[in-house]
Amino acid sequence: MSTQLQELGIELREGYHPEHLQPKPDLVIIGNALSRGNPAVEAVLRDRLVYTSGPQWLAQAVLQHKWVLGLRVLTGKPPPVPCWRGCSNTPGPGRVT
């Protein structure tokens, strides 16, 4: 991916460093690998930068007008029981009839 971005003239900055927040970005997407105490996260909060989570950005920017079927799979557990007959046709989180 990094070579594709570079070929498009997009600068790649690796790591989670506060100096990567200059110039000030329009939006910072904070993934679940980062938490309070991380210098970059603290800089986002201190400087009151606009931020969101990865899943929230995906929902709003990419999937907002899409029909999405999400499946949860837990490793080391028995396979999930299909719920096709019990699932609701109404979209939304946790909609099971």
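In order along the stretch 44-57, the Karplus-derived 3J(HN,Hα) couplings, from 6.51 cos²θ - 1.76 cosθ + 1.60 at θ = phi - 60°, round to 4, 5, 4, 8, 6, 6, 6, 9, 8, 8, x, x, 5, 4 Hz, and Gly and Pro are given as x. Couplings 3J(HN,Hα) of the stretch 22-34, computed from phi: 10, x, 4, x, 5, 8, 10, 9, 9, x, 6, 7, 10 Hz, in residue order, whole Hz [Karplus 6.51 cos²θ - 1.76 cosθ + 1.60, θ = phi - 60°; x for Gly and Pro].
Scanning residues 5 or more positions from Y16 or on other chains, none has an amide H under 5 Å from its amide H, with H placed 1.01 Å from N in the peptide plane.
Of the GluC sites (Glu not before Pro) found in the stretch 1-72, those in coil by DSSP whose Cβ has at most 11 other Cβ atoms within 10 Å are E11, E14.
Here, each number is a calculation from the coordinates, and none is a lab measurement. A quick note: this is a predicted structure, and the numbers were derived from the prediction, not measured. Here Cβ is always computed from backbone atoms with ideal geometry, including for glycine, and neighbour counts include all displayed protein chains.
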